[in-house]
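*Asks:* Below is a structure I'd like to ask you about.
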Amino acid sequence: MADQEEPNPSREPNLHDIKVERRPPDSRLSELGVRSWPKWGCSPGKFPLKFEAQQTCYLLKGKVRAYAKGVSSSDEYVEFGAGDLVVIPKGLSCTWDVSSPVDKHYKFD
């Protein structure tokens, strides 16, 4: 039997752990109760963030590039924007480079 890689719960989350669901159907948003979640917004800029809990958010407007902690001009980033449902893992440190003002619904798990 081939060895299987064991999951490493102590591994730091990284950008590849961000899940982006592009333009989910309204039925999915209703199922999650997205419209009842709190809202948050921000202006364009760069924001270093550390997620102490998993966050699920649905962007109503805006555009974001998330870069790994300490990096803000590399080719490695995750991009999401208006109409995307995004799950950000607990423990992730990254910088949000917001190019268009963000308005989103969010919840912490």
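Please treat every number below as a calculation from the coordinates, not as lab data. Since this is a predicted model, take the numbers as computed values, not measurements. Neighbour counts are summed over all protein chains in view; Cβ atoms, including those assigned to glycine, are modelled from backbone coordinates with ideal geometry.
*Asks:* Does the chain classify as rounded, prolate or oblate by the C-alpha gyration tensor (a ≥ b ≥ c root eigenvalues; a/c under 1.5 gives rounded; else a/b over b/c gives prolate, otherwise oblate)? Kindly include the intermediate steps, with their values, before the conclusion.
*Replies:* Working: a/c = 1.93, a/b = 1.24, b/c = 1.56.
Taking the square roots of the gyration eigenvalues as a ≥ b ≥ c, the chain is oblate.
*Asks:* When Cys57, Cys42 are ordered from fewest to most other Cβ atoms inside 10 Å of their Cβ, what list results? Mind showing how you got there, number by number?
*Replies:* Details: Cys57 22, Cys42 14.
Arranged by neighbour count, lowest to highest, Cys57, Cys42 become Cys42, Cys57.
*Asks:* Testing the spin-label approximation: label points 7 Å from Cα along Cα→Cβ at Gln54 and Arg22. State their distance in nm.
*Replies:* Label at Gln54, label at Arg22, 2.4 nm between them.
*Asks:* Top mean-square fluctuation among Gly91, Gly33, Gly81, Gaussian network model of the chain, C-alpha springs under 10 Å?
*Replies:* Of Gly91, Gly33, Gly81, the most mobile in the Gaussian network model is Gly33.
*Asks:* Provide the net charge surrounding Glu12, with neighbours chosen by a C-beta distance below 12 Å and charges set as Lys +1, Arg +1, Asp -1, Glu -1.
*Replies:* Numbers: positive: Arg11, Lys50, Lys69, Lys90; negative: Asp17.
Net charge around Glu12: +3.
*Asks:* Then there is this: Tell me, what ³J(HN,Hα) does each residue in the range 74-86 have, in order and in whole Hz, if you take phi through Karplus 6.51 cos²θ - 1.76 cosθ + 1.60 with θ = phi - 60° and put x for Gly and Pro?
*Replies:* The phi angles translate into 9, 7, 9, 7, 10, 10, 8, x, 3, x, 9, 9, 10 Hz.
*Asks:* What value, in deg cm²/dmol to 500, does the helix sum -39500 (n - 2.57) over DSSP H runs of n ≥ 4 give at 222 nm once divided by the residues of the chain? Display every interim value, and only then the final one.
*Replies:* Details: 1 runs with 7 residues, N = 109.
Calculated mean residue ellipticity at 222 nm is -1500 deg cm²/dmol.
*Asks:* Net charge near Thr95: determine it from the other residues with C-beta under 11 Å of the C-beta of Thr95, scoring Lys and Arg +1 and Asp and Glu -1. Don't skip to the answer; put the middle values down first.
*Replies:* Values: positive: Lys46, Lys50, Arg65, Lys69; negative: Asp97.
Local net charge: +3.
*Asks:* Sum up the charges of everything whose Cβ sits under 12 Å from the Cβ of Leu59, counting Lys and Arg as +1 and Asp and Glu as -1, but leave Leu59 out. If you can, show how the numbers build up before the last one.
*Replies:* Values: positive: Arg22, Arg23, Lys39, Lys61, Lys63, Lys104; negative: Glu21, Glu79, Asp84, Asp103.
Surrounding charge for Leu59 is +2.
*Asks:* How do Lys104, Lys39 rank when sorted from fewest to most other Cβ atoms within 10 Å of their own Cβ? All intermediate terms of the calculation are to be shown ahead of the outcome.
*Replies:* On the way: Lys104 23, Lys39 12.
Placing the least packed residue first, the sequence is Lys39, Lys104.
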